[in-house]
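Below is one structure; the comments refer to it alone.
Rule-based calculations on the coordinates, nothing more; no lab input. What you are looking at is a predicted structure, and each value in this text was computed from that prediction instead of being measured. Positions of Cβ are backbone-derived with ideal geometry, glycine not excepted, and every protein chain shown enters the neighbour counts.
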Amino acid sequence: MDAPYDVLGVDPGADEAELDRAYRRRVMETHPDQGGSARAFQQVKAAYEAILDDRDDSAPDDRVDSGTDPGTEASDGHRDVVSRVEYLDYEVIDDRGWSIDDDDLFSKASAADLAPTAYGEFLVNPGETLLEAAENRGFAWPYACRGGACANCAVAVVEGEMATPVDHVLSTEMVDRGIRLSCIGAPTTETLRVVYNVKGMPDLDELKLPPYRFERSRSDD
Ligand code: FES
């Protein structure tokens, strides 16, 4: 494999912001739906992670979002907590003119007789990301790269906490607003309320990739 900095096309002295920009640029260039290949995309992802791992060896760990409770992880690194997730589709909020900041949002949703795909609850088991848990319970939540490099799988955490260990695409401001990536994130609290399908929200739109067909692309590769 080429040297990680060469793969990203960035100088080894690049600061974190330059590195993130280069990663994002290369992700867009190598994404299978943008004319790249799954192999090139994975190479970019691996290079980025290798650089981060290397830098983390000499810096305090800041790759876990604030609010994470490390006490919820078992000694093998997996969470040992089963979380109950209450979810709401952003499209419902948009269609009905509701606000994501409304304190009564989930009460309204609960009283609105919505389809089970739009509103409901499921459990997330230890070892599952939020997206995996949704899929394992039969839901088709949006995603693209499944690697923390876009915003297609983004959710807004309204109550509770989620940890996303490799969350470098979202800005600090978005993270502060409770936006998390469901493909790499998992609840760290026993209950969690999230609005999913928030990829169309302002600011997130520009981080969106076309719907990803990674499994198909990989088998074609
Ligand atoms: S699907 Fe791209 S970051 Fe989750």
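Normalised by the number of residues in segment 70-207, the mean separation of alpha-carbon contacts (under 8 Å, six or more apart) gives a relative contact order of 31 percent.
The length gained by stretching the chain between residue 6 and residue 171 to full extension, at 0.36 nm per residue less their Cα-Cα distance, is 57.0 nm. Between residue 17 and residue 54, the simple spin-label model (points 7 angstrom out along Cα→Cβ) gives 2.3 nm. The length gained by stretching the chain between residue 46 and residue 25 to full extension, at 0.36 nm per residue less their Cα-Cα distance, is 6.1 nm. Evaluated at q = 0.13, 0.14, 0.16, 0.20 Å⁻¹, a Debye calculation over the C-alpha positions of segment 70-207 (equal weights, vacuum) places log10 I(q)/I(0) at -0.50, -0.59, -0.78, -1.23.
Here the Karplus curve 6.51 cos²θ - 1.76 cosθ + 1.60, taken at θ = phi - 60°, turns the phi angles of segment 93-100 into couplings of 4, 5, 4, 8, x, 7, 10, 5 Hz, with x standing for Gly and Pro. Here the label points at residue 123 and residue 84, each 7 Å from Cα along the C-beta direction, are separated by 1.1 nm in the simple model. Simple rule: put +1 on each Lys or Arg Cβ and -1 on each Asp or Glu Cβ in segment 70-207, find the dipole, and look at 156, 171, 197; the Cα lying farthest toward the positive end is 197.
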